[in-house]
Amino acid sequence: MIPLAAMPTEARAASARARRELVVGVDVGGSKIAAIAVDPSDRVVGREWRPIVTGRPERAGDDLAEVVTAVLHEAGADDRDLAAVGVGVPGRVDPRTGAVSLAVNLGWQDVRLGSILEARLGVPVVVENDVRAAALGLLRRGALGPVRDFAYLAVGTGISAGVVVDGALRRGPRGLAGEIGHIVVEPGGERCSCGGCGCLETVASGPAIARRATERVAAGEPSSLAAARPDAEPPRRGGPIPITAADVYGAAAEGDPLAREIAEAAGSRLAWAVALLVLTLDLERVVIGGGVAAAGEPFLDPIRSGLDALRADAPQASELIGRVDVMVAADGSDPGPWGAVTVAREARAAPVPAGREEVGHG
Ligand SMILES: [Zn+2]
């Protein structure tokens, strides 16, 4: 490196001008990639999102690098302004190596995402599980006030929770703490992407809600959803799903009986998940985010009703469930991308020692 004093004046000026020390947080979801660029004073200076094409892990590095470049462009910046990148991935991740060993909903297996992106972008890249990153982001930013025991429950293409206990993120020895989407809520129920049957994800994830609505409309059940999607037919394996979860919650809000039934089934099982988290860990708050939760009140109402029913059934449990604060993440609060920014910043503050070794793999 050339000492600053030895640089020509113009080079020194350019170097001083160029560096804005932006940290980019990339949240990889089952249906889209969302990114923000944040400056050192916590201002979001760029936002970008695009649909994700799943099932092509060999393109993961290219796709994510493109989003990083795009969000820098959006911020009026370029790669010289980039200080670090954090990436949240829905799956099993080793943050020490940046390797994604398994992300079922993305169709990724053994992707060395951190090294690939570092080679592409030339800055440190930290990869963490998306939901655990989001929970850490809420904690570090003080977004929930002085709350030290909470869960961030993400309901989207998959379902998972990031749990903070006594003011510390719980990862677990295998980095899998909070995989609540795979508790069985309907024994012998539908086959899940994990290989099990009747998991919470088969009832309350975005694709599950969409699939249930599509199948029942196609079977001829009366619903306003049929008018919205006259082309609805049972989804072929891997084919498009014509009715979305957002359609279902929209129709439920309008009072459509079929949509309400499906929303209530999802909500009652999500209430079980909330109760499970609260009863196990004595949490003060559960914040629900993710693509499906973006429906807002029509999404939250059946969860509240489900919790009311649990309180009524179990006076002893109602003490704990009654005190918990259940809320939907504020629109535009970006817990996922902010979580990715947070893990990148924490790694900058305490860099991983040289000679990283791969652990917890496979
Ligand atoms: Zn499962």
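The values are calculated or read from the model by the stated rules, or taken from the named source; none is laboratory data. None of these values were measured; they are calculated from a predicted model. Virtual Cβ from ideal backbone geometry, glycine too; neighbours counted across all protein chains shown.
Can you confirm whether R141 is over 28 Å from R285 (Cβ atoms), modelled with pLDDT of 90 or more and out of contact with any Pro (no Cβ under 7 Å at 6 or more places or on another chain)? Quick ask: steps written out before the conclusion?
Values: over 28 Å from R285 (Cβ atoms): no; modelled with pLDDT of 90 or more: yes; out of contact with any Pro (no Cβ under 7 Å at 6 or more places or on another chain): yes.
No.
Hey, can you tell me all the residues within the stretch 37-80 that are of a type in the set (D, E) and farther than 20 Å from V100 by Cβ? Give the derivation first.
Let us first name the residues in the stretch 37-80 that are of a type in the set (D, E), namely 39, 42, 48, 58, 62-63, 66, 74, 78-79.
Selection gives D39, D42, E48, E74, D78, D79.
So, in the stretch 35-76, how many residues would count as being modelled with pLDDT under 95 and of a type in the set (A, V, I, L, M, F, W, C)?
Total satisfying the criteria: 4.
Okay, residues lined up against (1) closer than 25 Å to G289 by Cα; (2) in a strand (DSSP E or B):
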site: I33; (1), (2): yes, yes
site: A37; (1), (2): yes, yes
site: G46; (1), (2): yes, yes
site: T54; (1), (2): yes, no
site: D62; (1), (2): no, no
site: L72; (1), (2): no, no
site: G86; (1), (2): yes, yes
site: V100; (1), (2): yes, yes
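Which residue out of D166, D110 is without any contact (Cβ under 8 Å) to a residue 24 or more places away in the chain and more than 19 Å from the chain's Cα centre (by Cα)? Let's see the steps before the verdict.
Working: D110 fails: without any contact (Cβ under 8 Å) to a residue 24 or more places away in the chain.
Exactly one residue qualifies, and that residue is D166.
With respect to A133, is the statement that it is part of a helix (DSSP H, G or I), away from the ligand (no atom under 16 Å from the Cβ) and in contact (Cβ under 8 Å) with a residue 60 or more places away in the chain true? Walk me through it before giving the result.
Details: part of a helix (DSSP H, G or I): yes; away from the ligand (no atom under 16 Å from the Cβ): yes; in contact (Cβ under 8 Å) with a residue 60 or more places away in the chain: yes.
For A133, the condition - part of a helix (DSSP H, G or I), away from the ligand (no atom under 16 Å from the Cβ) and in contact (Cβ under 8 Å) with a residue 60 or more places away in the chain - is met.
Condition test on G158, is it in contact with a Pro (Cβ under 6 Å, 6 or more places away or on another chain), under 21 Å from G290 (Cβ atoms) and either without any contact (Cβ under 8 Å) to a residue 24 or more places away in the chain or surrounded by fewer than 23 Cβ atoms within 10 Å (Cβ to Cβ) (or both)?
Numbers: in contact with a Pro (Cβ under 6 Å, 6 or more places away or on another chain): yes; under 21 Å from G290 (Cβ atoms): yes; either without any contact (Cβ under 8 Å) to a residue 24 or more places away in the chain or surrounded by fewer than 23 Cβ atoms within 10 Å (Cβ to Cβ) (or both): no.
Criteria not met by G158.
Take residues that are under 19 Å from the mean Cα position of the chain (by Cα) and tell me which of the helices (runs of 4 or more DSSP H) falling wholly in the stretch 291-355 contain 1 or more. Explain how you work it out, then say what you get.
On the way: elements: 297-313, 315-323, 335-349.
So the answer is 297-313, 335-349.
Yes or no: the stretch 79-94 includes at least one residue that is more than 24 Å from A135 (Cβ to Cβ) and touching a strand residue (DSSP E or B) at 6+ places or on another chain (Cβ under 9 Å).
To start, the set of residues in the stretch 79-94 that are more than 24 Å from A135 (Cβ to Cβ) comprises 79-82.
Filter once more, so that each one left must be touching a strand residue (DSSP E or B) at 6+ places or on another chain (Cβ under 9 Å): 81-82.
Yes, the stretch 79-94 contains at least one residue that is more than 24 Å from A135 (Cβ to Cβ) and touching a strand residue (DSSP E or B) at 6+ places or on another chain (Cβ under 9 Å).
Do you know which residues across the stretch 244-289 are β-branched (V, I, T), at pLDDT 95 or above, out of contact with any strand residue (DSSP E or B) (no Cβ under 7 Å at 6 or more places or on another chain) and farther than 17 Å from L200 by Cα? Spell out how you get there, then give the answer.
From the stretch 244-289, those β-branched (V, I, T) are 244, 248, 262, 274, 278, 280, 286-288; that's our starting set.
Keeping just the survivors that are at pLDDT 95 or above gives 248, 262, 274, 286-288.
Then keep just the ones that are out of contact with any strand residue (DSSP E or B) (no Cβ under 7 Å at 6 or more places or on another chain); that gives 248, 262.
V248, the sole residue that qualifies.
Just checking, how many residues over the stretch 167-206 are more than 21 Å from E261 (Cα to Cα), within 12 Å of the ligand (Cβ to nearest atom), of a type in the set (G, A, S) and crowded, with 20+ Cβ neighbours inside 10 Å?
Number satisfying all stated conditions: 0.
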